[in-house]
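S.K.: Questions regarding the structure given below will be posed in turn.
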Amino acid sequence: MSDAVNPLNSPPNASFTEKAAPHVLALYRVVVGLLFACHGASTVFGVLGGAMGSGEALPAGTWPGWYAGAIQLVGGILVLCGLGTRAAAFVSSGSMAYAYFSTHQGTALWPIQNGGEASVMFCWAFLLIAFFGPGAWSADRLLFGSRAGQRGREEGGLETGDRERAAA
C-alpha cells in the first residue's frame, strides 16, 4: 500500500480530518469496547447495576444471557485493547444481531418500539470496526508491528479503488 493511500502515513498536504481519522477511529473503538465490556461485566459479575438492572449476576451457564454476557465482556475487552480487533468485533457484531432478532424483533418491527436500540447500535458499531480495523493505536500494532491493523486493506479491502486512482 502506498503512503498516499495509507491514512496512518498521511501526506503532508492531507487535511486535518484525513490526518485525525485513524486516531478518531481508535478512540471510537476504545469507547465502544469499554461500553460493551461494561454490559458483559454487569451480566457475568453483577456489577454496575447487575444483569438487566437486577443488581445480580446471571447464574453461570444460563442460556443465552450468561453466554451473551461472556461474549460482551471478552469481546469488549479485546476491542478496547485492540487485540484481535477485527475478529472480536465481528463476533461481537454477530452476537448483537442474534440478540436483536431472538429477543427484540419479535415484539415490534422498529428498535425504538421493541427496546432493541442498544443491540442494533452495537451490532453496526462492531461491524464498522471489523471492516475499518483498530485505528492508530492498538495492542496488535504494539505486538505485531505498525501494519497489523491494516492487513485487510492491503489484501484488497476497502482501499482497492483508492490504490488504482493513486497509480493512475
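The values are calculated or read from the model by the stated rules, or taken from the named source; none is laboratory data. In this text, all values refer to a predicted model and were calculated from it rather than measured experimentally. Positions of Cβ are generated from backbone atoms using ideal geometry, with glycine treated the same way; all protein chains shown enter the neighbour counts. For the accessible areas, the whole protein counts, side chains as well, though only heavy atoms, and no ligand, DNA or RNA atoms are used. Shrake-Rupley method; radii C 1.70, N 1.55, O 1.52, S 1.80 Å.
S.K.: Taking the conditions exactly as written (on the phi > 0 side of the Ramachandran plot and at pLDDT 90 or above), does Gly53 satisfy them or not?
M.R.: Considered against the rule, which asks whether it is on the phi > 0 side of the Ramachandran plot and at pLDDT 90 or above, Gly53 comes out as no.
S.K.: Among (1) open to solvent by less than 60 Å² (accessible area, probe 1.4 Å); (2) under 21 Å from Asp140 (Cβ atoms), where does Val74 come up short?
M.R.: (1)
S.K.: Checking Ser102 against (1) among the polar types (S, T, N, Q); (2) out of contact with any helix residue (DSSP H, G or I) (no Cβ under 8 Å at 6 or more places or on another chain); (3) not in a helix (DSSP H, G or I), only one condition comes out false. Which one?
M.R.: Status for Ser102: all satisfied but (3).
S.K.: List, please: which pairs have Cβ atoms under 8 Å, are six or more places apart or on different chains, and start with a residue in the range 87-105 that is within 14 Å of Ala130 (Cα to Cα) and end with one that is among the polar types (S, T, N, Q) and open to solvent by 70 Å² or more (accessible area, probe 1.4 Å)?
M.R.: none
S.K.: Here's a follow-up. Say we look at the range 77-125 and pick out the residues that are more than 22 Å from Gly53 (Cα to Cα) and β-branched (Val, Ile, Thr); which of these is most open to solvent (accessible area, probe 1.4 Å)?
M.R.: Step by step, filter the range 77-125, then rank; the result is Val91.
S.K.: Going by what's in this entry, would Gln72 be described as in contact with a Pro (Cβ under 9 Å, 6 or more places away or on another chain) and polar (S, T, N, Q)?
M.R.: Answer is no for this residue.
S.K.: Could you tell me which numbered condition Glu18 fails, if it satisfies all but one of (1) open to solvent by 70 Å² or more (accessible area, probe 1.4 Å); (2) under 21 Å from Ser138 (Cβ atoms); (3) modelled with pLDDT of 90 or more?
M.R.: With (1) open to solvent by 70 Å² or more (accessible area, probe 1.4 Å); (2) under 21 Å from Ser138 (Cβ atoms); (3) modelled with pLDDT of 90 or more applied to Glu18, the lone miss is (3).
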